[in-house]
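The values are calculated or read from the model by the stated rules, or taken from the named source; none is laboratory data. Here the structure is a predicted model, which means the values were calculated and not measured. Using ideal geometry, Cβ is built from the backbone for each residue, glycine included, and neighbour counts are taken over all protein chains shown. Calculation scope for accessible area: heavy atoms of the full protein, side chains included, ligands and nucleic acids excluded. Shrake-Rupley method; radii C 1.70, N 1.55, O 1.52, S 1.80 Å.
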Amino acid sequence: MTEPGRGPVLLDGSSDRSRPFLRGFVIFLLIAGIGLVAAVTTLGVAVPGVSFGGAVRVGALYLGPFHHVALVLEGDLAVDASRLPGANLPGDGSATVELGVALLAVTALAVWLLFRAGRLSAFGDRLGVRALTGSRVALGYAPPVLLVALLVRFEEPVELGSFVTGDVRISLSAWQALVFPFAIAALAGASGGVWSWASSAPDPSAVRTRAVLGGGWRMFLFALALSYVGLFVAGIAQPDEAVALATPSTARYVDTVFERPGQGSALLAHHLALSPNEAIWTFVPGAGACDVIRGSQRSDLLCYGRFPSFAASSGEVTFGNAPPGYLAFLLVPAIATIVGGRWAGSVSKRSGVAAAAVGAAAGAAFAVVMLGAIVASSITLSYGAAPDAVGRGGHLWIGPDPVTGTMVALAWGVIGGALGAATSGFRGWRAVRTPAG
């Protein structure tokens, strides 16, 4: 039970102040457990003979890609410098490589659980208080991730693609393990606190907040779902093209991935964990921006005006305009933003210009969420030689362009959201109601 302006109260009347931290810690145990199961299963079917202790250490390292915390490889590496743009590295010697990537399906699960925990843990009459009290779940979730990152490190022979080989020390970036999990947990918990206020407070501003935030999130979820469905359909329509390997949608995918059943099962599981990444990488160029490489090298990877094609005979990649059929991906941001805008307009209980303003605000919320998703879905790679080798090294950002990607999301969101909200009162539209709390 609760009391106005206070936190949850137990039946004996004592304030349950420890519950947010416990909720955060339980969620950490669940996410860490997923990493452990993934490591044991993957190594069991793909690399027989690995000890259980080694599998546990690898499972602990999964906390890195679950939170976009970079894996750090340090040691005596044989480096093919020609494969690393701008590196200017020696052919061998002490070097460091940091690889950051997120398995966003697991990250999304953690965010959803932390959001719910923040919603349950929040109290107070004001929005700011609800957000702050909801964010407390981060104090139970983030410190164990940092502790694992500081403790788990080991030496193994490793091969990173075709350009780095050697005996290296493998660990997680300590500063990223401090910052990223805490930021993810605090923002998710605070969002849950804000939602608890917006869903229960009698203030009219709470209703508008609920409409804006709920509409923005619905735009985002529809955008990702429709993008992945579009990618799935493209693979079926073009089974001989590279897009057929982007989703498990074709016989070619099954034949390629499951050539070795054990390793294929592990590869499929990891591919599915990356499906939100693929959806984001599909949505941004589909909406009109680009997937890019930035840093020591600059290049556009995927746009309507720079679309890759692969020559089967030579294996070479050439770029040109996207085939006309791919313009159908423009329907994804249009449908997603209009649907989210109509929901926002209906929940706000307004009409006309006032409803359109709420829908446009939901579009702005959509752009903010998309920016976070773009950053989370990116791949980061940095590399350098020994500390005394000044100027030798480089870094790359690979993924949707965060600037133009956010701008096109904002444009689609504001226009589509306003249009959807302004038409939310038309006959045949029934608002989807979300239970309070």
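Looking at (1) assigned to a helix (DSSP H, G or I); (2) among the β-branched types (Val, Ile, Thr); (3) open to solvent by less than 50 Å² (accessible area, probe 1.4 Å), find the lone condition where Val292 falls short.
Looking at each condition in turn, Val292 falls short on (1).
Scan (1) part of a loop (DSSP other than H, G, I, E, B); (2) touching a helix residue (DSSP H, G or I) at 6+ places or on another chain (Cβ under 9 Å) for the single condition Leu267 breaks and write down its number.
(1)
List pairs: first in segment 131-155 and farther than 11 Å from Gly24 by Cα, second modelled with pLDDT under 95 and open to solvent by 50 Å² or more (accessible area, probe 1.4 Å), Cβ under 7 Å, 6+ apart or cross-chain?
Val152/Arg57; Arg153/Arg169; Phe154/Arg57; Glu155/Asp167; Glu155/Arg169
Going by what's in this entry, would Phe123 be described as surrounded by 19 or more Cβ atoms within 10 Å (Cβ to Cβ), of a type in the set (A, V, I, L, M, F, W, C) and assigned to a loop (DSSP other than H, G, I, E, B)?
On the way: surrounded by 19 or more Cβ atoms within 10 Å (Cβ to Cβ): yes; of a type in the set (A, V, I, L, M, F, W, C): yes; assigned to a loop (DSSP other than H, G, I, E, B): yes.
The answer is yes for Phe123.
May I ask you to list the residues in segment 188-223 that are open to solvent by 50 Å² or more (accessible area, probe 1.4 Å), under 23 Å from Ile27 (Cβ atoms) and touching a Phe, Trp or Tyr at 6+ places or on another chain (Cβ under 9 Å)?
Ser191, Leu213, Trp217
Can you tell me which residue among Val179, Val233 is of a type in the set (A, V, I, L, M, F, W, C), free of Cβ contacts under 8 Å to residues at least 24 places away in the same chain and either closer than 30 Å to Leu99 by Cα or touching a Lys or Arg at 6+ places or on another chain (Cβ under 7 Å) (or both)?
Val179
With respect to the numbered conditions (1) open to solvent by less than 40 Å² (accessible area, probe 1.4 Å); (2) within 28 Å of the chain's Cα centre (by Cα), which one is the sole condition not fulfilled by Phe319?
(1)
I'm told Gly394 meets every condition in (1) closer than 30 Å to Val69 by Cα; (2) modelled with pLDDT under 90; (3) of a type outside the set (A, V, I, L, M, F, W, C); (4) open to solvent by 20 Å² or more (accessible area, probe 1.4 Å) except one. Can you identify the failing condition by its number?
(4)
Under the condition of being in a loop (DSSP other than H, G, I, E, B) and touching a strand residue (DSSP E or B) at 6+ places or on another chain (Cβ under 6 Å), which residue from segment 353-391 is modelled with the lowest pLDDT?
Residues of segment 353-391 that are in a loop (DSSP other than H, G, I, E, B), as a first pass: 378, 386-391.
Restricting the remaining residues to those that are touching a strand residue (DSSP E or B) at 6+ places or on another chain (Cβ under 6 Å) gives 378, 386.
Numbers: Ser378: 96, Ala386: 54.
That would be Ala386.
Could you say whether any residue in segment 177-186 is over 18 Å from Ala95 (Cα atoms) and either of a type in the set (S, T, N, Q) or at pLDDT below 95 (or both)?
No, segment 177-186 contains no residue that is over 18 Å from Ala95 (Cα atoms) and either of a type in the set (S, T, N, Q) or at pLDDT below 95 (or both).
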